[in-house]
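The values are calculated or read from the model by the stated rules, or taken from the named source; none is laboratory data. All values derive from a computational prediction rather than experimental measurement. Heads up, the Cβs are rebuilt from the backbone with ideal geometry, glycines too, and the neighbour counts pull from every protein chain shown.
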Amino acid sequence: MGAVSVLIVCAAALWLNGFCLPINQNGGPKQWHNLKSENDPSLRRAIVFLQSMDSRLKQKVKEVQLETNEVEMINDVMQLV
């Protein structure tokens, strides 16, 4: 349940960051092609953050799978006794 809430928060943060319409000094909207560049530091930080979250979630999945295997093994042994 905690992983779902983390994903929702990340999605909301990216949605708010990506879809807010910036207004330039003249009062008009900026051109869409100038909004994000490949060298944008905030974009790079967001990508690094998501990659680190991805690796942490993959590690957590492995840990849960190992725990599940242990519980299944103990259950099988208890059934044999």
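Details
- Taking the criterion of being modelled with pLDDT of 65 or more, surrounded by 10 or more Cβ atoms within 10 Å (Cβ to Cβ) and either in a helix (DSSP H, G or I) or of a type in the set (Lys, Arg) (or both), the residues of segment 32-54 that qualify are LEU43, ARG44, ARG45, ALA46, ILE47, VAL48, PHE49, LEU50, GLN51, SER52, MET53, ASP54.
- Residues (of a type outside the set (Val, Ile, Thr) and more than 19 Å from the chain's Cα centre (by Cα)) located in segment 41-81: GLN65, LEU66, GLU67, ASN69, GLU70, GLU72, MET73, ASN75, ASP76, MET78, GLN79, LEU80
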